[in-house]
Amino acid sequence: MSMPDSETLDGSTPESTPLAAEHGRRLPLSAFTVLAGGDVFESVQGRPPKDGVSRARAWFQAKVSLRAHGAPAELLQRVEGDMVRQLSGNLQLIGRMEAARPVEVDLIPPGLPLAKYGYPRSVSPHAAGLFWDHPEWPRARIALRQDKLGSEPHLVFHELAHAIQGMAFTQEENELIYRTLRRTYRVRARMDEVFALYSEREFIPTVTAHDLRAPGVYGMARQRWNEEHVFTRFVRNLYFPYKPLAGPSSGQGASFFG
């Protein structure tokens with residue numbers, strides 16, 4: 001990416017509509033207790049919610065519009081499968097996405113600029129994908145380059161993570177994220193990328209040498225990722241509240257850097 005700390009050339013970020021506070025109170029996410037400095041208790045012999053996949057698929061069918069732009073059927077199935085997988089472990093998170101804005105996903109043909117499909121002209125020509133939103137738009141939007149879906153298995157998870165942060169978290173919850181990351185990453189665009197980078201790691205644990213050498217925050221955050229980070233604990237509990245907490249076993253502390 002020519003702008004190594006953002007998917008845009010000028011560092012601009014989408015004007016997302018945070019989740020209304022009333023929905024946040026109705027559908028609390030235990031993961032934010034980690035960032036707020038409280039306790040989160042592990043489930044004993046936790047299991048995935050039995051209706052998680054069906055609920056996530058119902059959300060996709062009701063709230064996501066997929067525009068193929070000539071993409072083959074297998075790519076459409078891949079996008080749906082990854083999005084369903086990302087949400088299926090947490091019914092509260094699905095409920096928040098059900099309450100949030102609908103999403104339009106464009107599968108961008110190779111070689112064409114995202115601006116041709118209505119995305120900002122400031123998008124880096126090297127960006128493999130993008131989440132963007134604006135209050136005047138009827139839907140939030142995600143762009144995914146067709147030719148990158150095969151070589152970048154984390155792409156869908158990364159961009160949906162941006163959508164989750166932008167639409168399924170309240171303003172207060174996002175401030176908890178920024179409070180945790182600001183000392184190290186400082187700029188909002190970088191901090192947003194760190195949440196997406198830690199999210200993708202939960203679904204694609206294999207990191208290539210190419211990923212680690214990525215410029216700016218992309219390579220830095222992937223290199224620094226650690227099982228013992230508080231932020232890893234937060235992200236894992238967000239997507240998989242039924243799994244053991246990331247980091248040290250009970251009785252040992254964890255820090256953001258490990």
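Under 14 Å from the Cβ of Glu173, count the other residues' Cβ atoms, weight Lys and Arg +1, Asp and Glu -1, and hand me the total. Cβ neighbours under 14 Å give a net charge of 0.
Whole-Hz Karplus values for the range 59-75 come out as 4, 4, 5, 8, 10, 10, 9, 9, 9, 6, 6, x, 5, x, 4, 5, 6 Hz, taken residue by residue from phi with 6.51 cos²θ - 1.76 cosθ + 1.60 and θ = phi - 60°; glycine and proline positions read x. Note down the net charge around Arg25, summing +1 for each Lys or Arg and -1 for each Asp or Glu among other residues with Cβ under 12 Å from its Cβ. Counting the neighbours of Arg25, the net charge comes to -1.
Counting only Cβ charges, +1 for Lys and Arg and -1 for Asp and Glu, the dipole size of the range 150-242 around its Cα centre is about 420 debye.
For the pair Thr17 and Val40, the difference between a 0.36 nm per residue extended length and the Cα-Cα distance amounts to 5.5 nm. Database remark: amide H of Ala168 closer than 5 angstrom to the amide H of Leu19 (H placed geometrically; neighbours at sequence offset of 5 or more, or on other chains; Pro and chain starts carry no H). Put simply, the amide H of Leu66, placed in the peptide plane, has neighbours under 5 Å in Val105, leaving out anything fewer than 5 places away on its chain. Just name one of Val156, Asn226, Leu107: the one whose Cα is farthest towards the positive end of the charge dipole of the chain (beta-carbon charges, Lys/Arg +1, Asp/Glu -1). Of the options given, the answer is Asn226.
With a simple spin-label model that places each label point 7 Å from the Cα along the Cα-to-Cβ direction, the separation between Thr33 and Gln92 comes to 0.8 nm. Find out how many positive minus negative residues lie around Phe203, taking Lys and Arg as positive, Asp and Glu as negative, among other residues whose Cβ is under 15 Å from that of Phe203. Neighbourhood net charge equals -1. With θ taken as phi - 60° and the Karplus curve 6.51 cos²θ - 1.76 cosθ + 1.60 applied, the whole-hertz 3J(HN,Hα) list for the range 232-245 is 5, 4, 4, 5, 5, 5, 4, 8, 9, x, 8, 8, x, 5 Hz, x standing for glycine and proline. Here the chain exposes an accessible surface that is 50 percent carbon and sulfur, computed with a 1.4 Å probe and the other protein chains kept in place.
Using the 1.4 Å probe convention, the accessible area of the range 48-239 works out to 41 Å² per residue with neighbouring protein chains retained.
Full extension of the chain between Arg121 and Glu175 yields a length gain of 16.6 nm, computed as 0.36 nm times the residue separation minus the alpha carbon distance. Compared with the alpha-carbon gap, the fully stretched path from Glu136 to Lys243 is longer by 34.6 nm at 0.36 nm per residue.
When the charge dipole of the chain is built from unit charges on Cβ atoms (+1 for Lys and Arg, -1 for Asp and Glu) and taken about the Cα centre, the candidate among Gly70, Ala56, Ala209 whose Cα reaches farthest toward its positive end is Ala56. Suppose every Lys and Arg Cβ carries +1 and every Asp and Glu Cβ carries -1, with no other charges. What dipole size does the range 48-239 come out with about its Cα centre, to the nearest 20 debye? Here the range 48-239 has a charge dipole of around 280 debye.
Taking amide H as placed 1.01 Å from N in the peptide plane, Thr8 has its amide H under 5 Å from the amide H of Ser124, each at least 5 places away in sequence or on another chain.
When exposed loop sites are taken as GluC sites (Glu not before Pro) in a DSSP loop with at most 15 other Cβ atoms within 10 Å, the longest stretch of the chain clear of them is 43-135.
Applied to the range 9-20, the Karplus parametrisation 6.51 cos²θ - 1.76 cosθ + 1.60 on θ = phi - 60° returns per-residue 3J(HN,Hα) values of 6, 9, x, 5, 10, x, 8, 6, 9, x, 4, 4 Hz, with x for Gly and Pro.
The values are calculated or read from the model by the stated rules, or taken from the named source; none is laboratory data. Given the structure is predicted, the values throughout are model-derived calculations rather than measurements. Counting neighbours? That spans all protein chains shown, and the Cβs are built from the backbone with ideal geometry, glycine included. The area values use the complete protein model at the heavy-atom level, side chains included, leaving out ligands, DNA and RNA. Shrake-Rupley method; radii C 1.70, N 1.55, O 1.52, S 1.80 Å.
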